[in-house]
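A short write-up of the structure that comes next.
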Amino acid sequence: MRVLGIDCGTEYTGYGVVDLFSDDRLVCIVCGAIKVSPRDPMPVRLSRISIGLQELIAQHRPDRVAIEDVFYAANVKSALKLGQVRGVAMLAAASAGLEVAEYSPLSIKSAVVGYGRAEKHQVQQMVTRLLNLNRIPQPADAADALAIAICHLHTAATQERQSEERQSTDRNSKDRHRKDRQIATR
């Protein structure tokens, strides 16, 4: 499975594309950030972010997109601007027919580091290790986007295993029920 992780921001929108192979190996395909000038009007910034994300999606063909939930902003105006960037990211994904998963910062840190209150440098170090990179991805927004993608891949893999276990349990239960009926009718 290939996931595009997006770390939304009004100046830097981080992105990271990660593949999960059948042997559970994680591989970073590309990462970086879409930089826009804070001096440009917001509609121009949103357009540049949208175009950049559309190009990434077209070029790397992810199966899913994952973004971070808004959890805290310094003020209402910052939260609204961040919400606009998140909307552009979701629209770019939805326009390409991709599902969007959203994760809280606590969930992302837990999935990557194993501790929801991990520091930023701990997340960056684990991203580097999990993806077998030579150095911490730069800018920091790219490392955050990779962490979001890894979180989704870990979460999706866990959900898939649980679904398979439920199906197996359901089949076993149906088999037992069928055998019990056969014995009862004899």
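Tabulated results
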| quantity | calculated |
| --- | --- |
| Pair list, Cβ < 7 Å and 6+ apart or interchain, from segment 33-59 residues that are touching a residue at least 12 places away in the same chain (Cβ under 8 Å) to residues that are part of a helix (DSSP H, G or I) and of a type in the set (D, E, K, R) | A33/D141; I34/R48; V36/R45; V36/R48; M42/K81 |
| So V70, is it more than 21 Å from L131 (Cβ to Cβ) and either crowded, with 20+ Cβ neighbours inside 10 Å or of a type outside the set (S, T, Y) (or both) | yes |
| Candidates L106, L91, filtered to the one that is at pLDDT below 95 and assigned to a helix (DSSP H, G or I) | L106 |
| A143 being of a type outside the set (V, I, T) and either in contact with a strand residue (DSSP E or B) (Cβ under 7 Å, 6 or more places away or on another chain) or in a strand (DSSP E or B) (or both) | no |
| Subset of segment 13-25 that is surrounded by fewer than 19 Cβ atoms within 10 Å (Cβ to Cβ) and not polar (S, T, N, Q) - its residue that is farthest from A93 (Cα to Cα) | D23 |
| Any pair with Cβ under 9 angstrom, 6 or more apart, that starts in segment 154-172 at a residue that is closer than 23 Å to S110 by Cα and ends at one that is modelled with pLDDT under 70 and part of a helix (DSSP H, G or I) | none |
| Qualifying residue in segment 97-110 (condition: under 28 Å from I51 (Cα atoms) and hydroxyl-bearing (S, T, Y)) | yes |
| Segment 47-67 - residue that is buried (at least 20 other Cβ atoms within 10 Å of the Cβ) and within 17 Å of D141 (Cα to Cα) and, of those, farthest from the chain's Cα centre (by Cα) | I49 |
| Single residue of segment 26-44 satisfying the filter (farther than 18 Å from I148 by Cβ and of a type outside the set (D, E, K, R)) that is surrounded by the most Cβ atoms within 10 Å (Cβ to Cβ) | V36 |
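The values are calculated or read from the model by the stated rules, or taken from the named source; none is laboratory data. Not measured: the values here are computed from a predicted model. Don't worry about glycine lacking a Cβ; one is built from the backbone with ideal geometry, like all the others, and counts go over all protein chains shown.
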